[in-house]
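Working notes for the structure below.
Please treat every number below as a calculation from the coordinates, not as lab data. Note that this is a predicted model, so its numbers are computed, not measured. With ideal geometry, Cβ positions are generated from the backbone for all residues, glycine too; neighbour counts draw on all protein chains shown.
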Amino acid sequence: MSDKPLVVAVPKGRILKPLSKLLGALGIEASALLADDRTLVRRAGGLEFLLLKPDDVPTYVEYGAADLGICGRDVLRERECDVLVPLDLRIGRCRTVVAAPVARTARSGVPRVATKYPRTAAAHFAAKGVQAEIIYVQGSVELAPLVGLAEMIVDLVETGETLVQNGLEIIEVVAEVSTVLVANRASYKLLAADVAPLIERLRAAIGP
Amino acid sequence: MHVPAQKNAVLRGPHPTQLASPIPGRVFFDRPAGAQRGLTLAALLWEVEAVHKATSNHEDFGAPPERAPSRLEHALPAGMRDFLPEEAERRRTLARSLTGALELHGYGLVVPPVFEFASVLERGLGTLPSADVLRFIEPESGEVAALRPDMTPQIARIIATRLQDRPPPFRLAYEGTVVRRRSGRARKHRQLPQVGVELVGVAGLPGDIEVLEAAKAALEAAGLREFVFDLGDAGVARPLIEALPPSLRADATAALMARDAARLDALAQGLSPMLSRLARTGGTRADLDEVIAAAEPGSSRDSLLRLAALHDAACARGFSRHISLDVAEVRGFAYYTGLIFRIYAPGPGEALGGGGRYDELMGRFGAPMPAVGFGLDLDALSVALESAGGASRAPVPRVLVVADATGARAAELRAAGIVAASHSDPATARAHARSWGYTHVVEGDALMVLATGARVAYSVEPLKKREGA
């Protein structure tokens with residue numbers, strides 16, 4: 001079954017740089033990932049890479065359109081896809097946090113929370129016993145508290161710079177986020193001869 | 001109101017003033033009785049109105065158009081589907097080859113009802129989230145009923161109630177569609193056609209092996225050659241999870257289910273290094289030996305040894321090309337008491353089916369007995385068969401008999417076991433035959449092979465021969 005290359009779904013965007021560096025450490029020449037063209041399928045180092053929107057990676061892997069995928073834990077938690085997570089790549093580290101304006105007045109009742117992660121946010125507040133109204137927005141989440149759309153946001157924070165610039169501060173951390181390797185359940189079993197050695201090499205490259 | 005499909009033709013027709021009656025040759029409207037007797041005033045008014053209705057552009061007059069029901073509007077609830085003839089035929093053939101193989105192993109087919117009282121069904125729902133069950137109030141009794149989301153509890157009920165006077169073991173097979181609100185997958189199938197068996201009353205390894213062999217025989221009968229039974233044991237991880245503080249158990253189970261060793265490390269922080277180890281363990285017999293060597297004596301280690309014994313017994317029975325091991329399998333581990341397995345094959349990207357041992361299930365129905373079984377997902381199995389090249393059998397002859405006024409020819413063909421249907425219009429016969437998958441057309445005394453266009457003198461014999469081939 002090894003005649004076809006493993007298909008790896010990767011998210012377009014800034015994670016590609018540390019990813020190709022990591023693959024380079026394995027001796028997989030993956031500069032094709034960084035090539036500035038519009039092809040969505042790229043071959044490198046005996047693997048076939050699909051360049052996707054980050055949110056779509058677990059979907060492609062769950063259906064088996066890709067055998068493996070690279071994706072953030074934030075996306076995984078939000079999408080609730082049935083995929084395996086055999087390895088934490090320890091890149092793309094950041095946090096999902098609850099943030100609110102520094103200058104806020106205490107309010108009672110049901111807080112309104114703007115977020116790109118409605119399931120994650122709802123689960124977080126439910127677990128705390130807080131009834132919150134979750135407002136789904138697609139981007140510029142930091143704007144929501146500034147214009148009164150919401151009192152709080154749940155969002156991904158890397159350095160916290162965007163929060164500071166918009167007069168927001170972190171109230172609590174919902175989850176630590178890092179980039180992980182995900183695998184289709186069937187591929188993980190059926191292509192174990194290809195998948196397992198690749199995971200072992202990655203594990204060795206990442207270190208303890 | 002039925003709007004004729006040729007409405008546009010009507011719109012382009014003669015102006016109303018040129019018409020004394022609705023479009024000749026077409027009856028669009030029922031006339032009032034008076035209209036048939038000629039030009040009474042009422043009839044005249046009716047004629048004008050009828051023609052106006054048939055020809056006017058409603059928008060000009062601001063009248064709300066009465067829309068014809070669009071074909072696409074007859075939607076199905078999400079996840080529900082039809083099988084059209086070719087697909088239904090393939091599906092029936094597949095189900096027959098599976099149940100045929102299971103019957104050869106002594107499994108008798110039972111047909112449980114499509115819905116039951118939820119309180120009965122839910123006694124036996126192990127792995128399925130309760131939210132996935134479609135429930136309704138059964139009007140007759142006022143009780144909550146549920147569309148069967150799984151047939152295993154039904155078989156358990158049948159054995160505990162209807163078959164209690166027969167001696168164990170019970171070997172029962174089922175074929176049918178179960179309904180769930182959603183399945184694990186993003187595409188959220190709700191209608192899942194299944195074939196499976198339950199073996200009740202045979203404990204331990206002999207029962208496990210019997211069921212694995214039956215499953216393998218069924219897959220081979222369906223024509224599948226490449227497949228893997230991924231074997232695990234519920235007793236490996238359960239004691240380790242139960243040793244964790246209660247607040248961590250759910251998260252740890254989810255992490256183990258995803259083989260997420262990094263998350264397990266973070267969660268349990270050294271509380272259970274063995275759990276992380278299980279998540280990282282590969283699928284070979286050598287990997288299993290390593291884990292056994294590292295395991296502390298106890299029920300978890302006993303389960304690992306039990307899994308090793310099953311693996312070796314299965315290999316001795318011809319499974320060695322078709323086996324892998326998964327010591328971290330925890331799907332529904334509150335339900336399974338020993339063996340858990342899933343079957344994978346290239347193509348569908350998900351399991352074709354699976355099963356395991358649930359020795360506590362029958363007790364929930366008041367007839368405590370060991371039980372083991374499996375179910376196959378016919379949708380996933382079809383995809384696997386297709387991607388393996390499909391069962392490209394020679395097409396069964398299907399004959400369209402043209403202008404067979406007495407029906408004698410069609411009857412003769414059917415008597416020989418050949419599919420035959422009559423078609424009255426010679427002009428459309430071939431097109432009809434092509435679009436409905438006929439292989440031959442009988443025109444008078446000629447038999448035409450549709451694929452080649454070759455015409456030979458009609459006789460039943462060559463058709464029969466092909467069927468035998």
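Structure notes:
- For A:Lys12 and B:Leu109, a Förster radius of 51 Å and the Cβ-Cβ distance give a FRET efficiency of 0.50, rounded to the nearest 0.05.
- B:Gln269 paired with A:Ala122, simple spin-label distance in nm, labels 7 Å along Cα-to-beta-carbon: 3.1 nm
- Remark: chain A projects, on average over all directions, an area of 12.8 nm² (convex hull of Cα atoms).
- Dipole moment magnitude, nearest 20 debye, segment A:12-69 about Cα centre, only Lys, Arg, Asp, Glu C-beta charged: 260 debye
- For segment B:72-163: rounded, prolate or oblate by the Cα gyration tensor [a/c cutoff 1.5]: oblate
- Solvent-free Debye calculation, one equal scatterer per alpha-carbon of segment B:398-468: log10 I(q)/I(0) at 0.15, 0.21 Å⁻¹ equals -0.40, -0.82.
- Bridge type composition, segment B:398-468 - antiparallel percent by DSSP, nearest 5: 45 percent
- About its Cα centre, the protein assembly as shown has a charge dipole of approximately 840 debye under the convention of +1 per Lys or Arg Cβ and -1 per Asp or Glu Cβ, with nothing else charged.
- Simple Cβ-charge dipole of chain A, Lys/Arg +1 and Asp/Glu -1, about Cα centre, in debye nearest 20: 100 debye
- Principal axis extents of the C-alpha atoms in segment B:343-469 (largest first, rounded to whole Å): 67, 34, 26.
- The protein assembly as shown: antiparallel DSSP beta bridges as a percent of all, rounded to 5: 70 percent
- Taking a ≥ b ≥ c as the square roots of the eigenvalues of the alpha carbon gyration tensor, the protein assembly as shown is oblate, as a/c is not under 1.5 and a/b does not beat b/c.
- In nm, spacing of pseudo-spin labels at A:Ala25 and B:Arg91 (7 Å Cα→C-beta vector): 5.0 nm
- Whether segment B:271-375 is rounded, prolate or oblate, judged on the alpha carbon gyration tensor where a/c under 1.5 counts as rounded: oblate
- A:Leu34/A:Arg90 FRET efficiency (R0 25 Å; Cβ-Cβ; nearest 0.05): 0.80
- Cα centroid of segment B:93-150 to Cα centroid of segment A:177-208, whole Å: 38 Å
- Efficiency of FRET from Cβ geometry, A:Ile171 and B:Ser141, R₀ 35 Å, rounded to 0.05: 0.10
- Segments A:148-157, A:105-114 sorted - mean Cβ within 10 Å per residue, highest first: A:148-157, A:105-114
- Remark: spin-label model distance B:Ala334-B:Leu305 equals 3.0 nm, labels positioned 7 Å along the Cα→Cβ axis.
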